[in-house]
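Report on the structure given below.
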Amino acid sequence: MQEKHGNELPISAAYFIINPYEVVYYAGGTANEFRHFAGSYAIQWKMINYAIDHNIDRYNFYGISGHFTDDAEDAGVVKFKKGFNAEVVEYVGDFIKPINKPMYKIYTTLKQIKDIKK
C-alpha cells in the first residue's frame with residue numbers, strides 16, 4: 001500500500017461547522033477502497049473529543065431524513081449516527097417567506113417554465 005499511496009491514505013474526510021455552542025458534522029465521506037479502516041468512526045471520535053475538550057455541549061450529527069424504517073434510503077446513516085448513542089431531535093424544518101410577493105410570483109413562474117423545458 002505504501003508503494004501505491006505513499007505515507008498517507010485518503011481514508012475519510014469531513015466538514016464541520018463549529019461555534020461556541022455546537023459542533024455540526026455537516027458532510028463527510030469515505031474512500032470506498034479504504035472503508036474497512038472505518039475512517040468515519042475515527043473522525044467522529046476525534047471531533048466528539050474536540051467538543052468535550054472545548055466545553056462545547058452539543059455535537060450535531062446533522063442530516064437524517066426522519067424515516068426510521070430499515071428500508072429507508074438513509075437507514076445506514078441513521079444506524080451509524082445512533083451507534084454513537086445519538087439522540088434524534090426533530091426541528092421545524094425550512095420554509096420560504098416571500099418578502100416581495102409579486103417578484104416571488106414571477107420567480108416561481110419562471111422557475112416552473114424552466115423546469116418544464118428540462
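The values are calculated or read from the model by the stated rules, or taken from the named source; none is laboratory data. Given the structure is predicted, the values throughout are model-derived calculations rather than measurements. Here the Cβ positions follow ideal geometry from the backbone for every residue, glycine too, while neighbour counts run over all protein chains shown. All accessible areas refer to the heavy atoms of the entire protein, side chains included, with ligands and DNA or RNA removed. Shrake-Rupley method; radii C 1.70, N 1.55, O 1.52, S 1.80 Å.
Things to note:
- Under 19 Å from a label point set 7 Å out along the Cα-to-Cβ vector of ALA27, the amide N atoms of segment 41-59 belong to 41, 43-44.
- In order along segment 62-67, the phi-based Karplus estimate (6.51 cos²θ - 1.76 cosθ + 1.60, θ = phi - 60°) of 3J(HN,Hα) comes to 6, x, 10, 6, x, 9 Hz; Gly and Pro are listed as x.
- Here the chain exposes an accessible surface that is 55 percent carbon and sulfur, computed with a 1.4 Å probe and the other protein chains kept in place.
- Mean accessible surface per residue for the chain, computed with a 1.4 Å probe while every protein chain stays in place, in Å²: 85
- Build a GNM of the chain with springs between Cα atoms under 10 Å apart, and of PHE34, PHE84, PHE61 the one that fluctuates most is PHE34.
- GNM top mover of ASN85, ASN60, ASN100 - the chain, alpha-carbon springs below 10 Å: ASN100
- Using the rule -39500 (n - 2.57) for each DSSP H run of four or more residues, divided by the residues of the chain, the 222 nm mean residue ellipticity is -11500 deg cm²/dmol.
- Cut-off 11 Å (backbone N to label point 7 Å along Cα→Cβ of ILE48), residues of segment 80-117: 81-87
- Other residues with beta-carbon under 13 Å from the beta-carbon of GLY63 carry, at +1 per Lys or Arg and -1 per Asp or Glu, a net charge of -3.
- The chain - share of DSSP beta bridges that are antiparallel (%, nearest 5): 75
- Residue-span extension gain [THR108 to VAL88] - 0.36 nm each, minus C-alpha spacing: 3.8 nm
- Between segment 77-118 and segment 1-59, the alpha-carbon centres lie 27 Å apart.
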